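S.K.: Got a structure for you, questions after.
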Amino acid sequence: SFTVMATVEEVQAFYDQELPKLGYEPFASGQNDSGTMMLMYIKDMKIVTVSIIPQADGILYVMLVN
């Protein structure tokens, strides 16, 4: 996990571009009313989740689970 100064859309675009290079394909995504987004990617029945959680001052907390 890490924090980054970016938009949710920028983080999503990064993973949508980079994870397919490693063989992962988008599987599912969703966003709740607070702006938190979860992205799921799949490769050979292995799922990677990326949680993007907005914090104060435009900072995002990003957590990857493999």
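S.K.: Inside the stretch 50-66, can you point out the residues that are free of Cβ contacts under 8 Å to residues at least 60 places away in the same chain, under 20 Å from Lys21 (Cα atoms) and in a strand (DSSP E or B)?
M.R.: Val50, Ser51, Val65
S.K.: Output the number of residues of the stretch 12-65 satisfying the condition of being over 12 Å from the mean Cα position of the chain (by Cα) and polar (S, T, N, Q).
M.R.: Total satisfying the criteria: 3.
S.K.: Being open to solvent by 50 Å² or more (accessible area, probe 1.4 Å) and of a type in the set (A, V, I, L, M), is that true of even one residue in the stretch 4-16?
M.R.: yes
S.K.: Ok, one more. Could you list, in sequence order, the residues of the stretch 32-49 that are among the charged types (D, E, K, R), over 21 Å from Tyr61 (Cβ atoms) and either modelled with pLDDT under 95 or not in a strand (DSSP E or B) (or both)?
M.R.: Asp44
S.K.: Go through the stretch 1-31 and report how many residues are part of a strand (DSSP E or B) and in contact (Cβ under 8 Å) with a residue 40 or more places away in the chain.
M.R.: Qualifying residue count, the stretch 1-31: 4.
S.K.: Next question. Tell me which residues, restricted to the stretch 26-58, are touching a strand residue (DSSP E or B) at 6+ places or on another chain (Cβ under 7 Å), within 15 Å of Thr3 (Cα to Cα) and open to solvent by 60 Å² or more (accessible area, probe 1.4 Å).
M.R.: Within the stretch 26-58, just Gln55 meets the criteria.
The values are calculated or read from the model by the stated rules, or taken from the named source; none is laboratory data. Remember, predicted model here, so these are calculated numbers, not experimental data. Every residue, glycine among them, receives a Cβ derived from its backbone with ideal geometry; neighbour counts consider all protein chains shown. With ligands, DNA and RNA removed, areas are computed over all heavy atoms of the protein, side chains included. Shrake-Rupley method; radii C 1.70, N 1.55, O 1.52, S 1.80 Å.
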